[in-house]
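Step one of this worksheet: look at the structure below.
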Amino acid sequence: MPDHLSYLLQHNLKAKGSGLPYEFRAIESILLSVLSALEAEMAFIRTLIGGLLAEMEDNIDHDRFKRLLHYSRKLASFKNRATLVEEAIDEVLSQDEDMNAMYLSDKMNGVPRQTKDHEDLELLLESFSKQVEEIVNEAENIEVSSLS
């Protein structure tokens, strides 16, 4: 994934037409990389569990049951990591002063900011929070359906 992050950073940091300041393009690149990694891992786990459940429709044996338990643990671990990402983004969203302090270009240029004046960053973070929330929900749905 580091190559993916490097590519996103290079691409987004050079794209000045987005209307976002440099530091937000960097944050966006990092969040895109994290989201991409979560989506890829979710797809992998979905395929593993889906294939195994299809096999188990015909025959439930000890080996398949052990694999299901292993995949279930993988899914739980993944869900916990994804939940932590969601909580971290939500924590930043709850801190007006921290979000305001992220406007580094404005600070550097001496542009005064109101404490609650961070709509651009808030929209960016909320968008990623929603996408991560969808991944967490999918993991929960798979967890429930694979255990029932």
| said: Against the conditions (1) open to solvent by less than 80 Å² (accessible area, probe 1.4 Å); (2) within 26 Å of E122 (Cα to Cα); (3) within 21 Å of the chain's Cα centre (by Cα), where does I30 fall short? Just the number, please. | reply: (1)
| Under 7 Å by Cβ, and 6 or more places apart or on different chains, what pairs join a residue from segment 107-133 that is under 13 Å from D96 (Cα atoms) and touching a residue at least 24 places away in the same chain (Cβ under 8 Å) with one that is among the aliphatic types (A, V, I, L, M) and open to solvent by less than 100 Å² (accessible area, probe 1.4 Å)? | D120/L20; L121/M99; L121/M102; E122/L93; E122/M99; L125/I89; L125/V92; L125/L93
| Residues located in segment 106-139, provided they are modelled with pLDDT under 90, among the polar types (S, T, N, Q) and open to solvent by less than 100 Å² (accessible area, probe 1.4 Å) | T115
| First in segment 50-72 and in contact (Cβ under 8 Å) with a residue 40 or more places away in the chain, second anywhere and surrounded by 11 or more Cβ atoms within 10 Å (Cβ to Cβ), Cβ under 6 Å, 6 or more apart | L68/L52; Y71/L48; Y71/I49
| query | Which residues, taken from segment 59-116, are of a type in the set (G, A, S) and on the phi < 0 side of the Ramachandran plot? | reply | S72, A76, S77, A82, A88, S94, A101, S105
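The values are calculated or read from the model by the stated rules, or taken from the named source; none is laboratory data. These numbers were taken from a predicted model, which means no experiment stands behind them. Note that each Cβ is placed from the backbone with ideal geometry, even for glycine, and that neighbours are counted across all protein chains shown. Side chains are part of the model used for accessible areas, which takes the heavy atoms of the whole protein and leaves out ligands, DNA and RNA. Shrake-Rupley method; radii C 1.70, N 1.55, O 1.52, S 1.80 Å.
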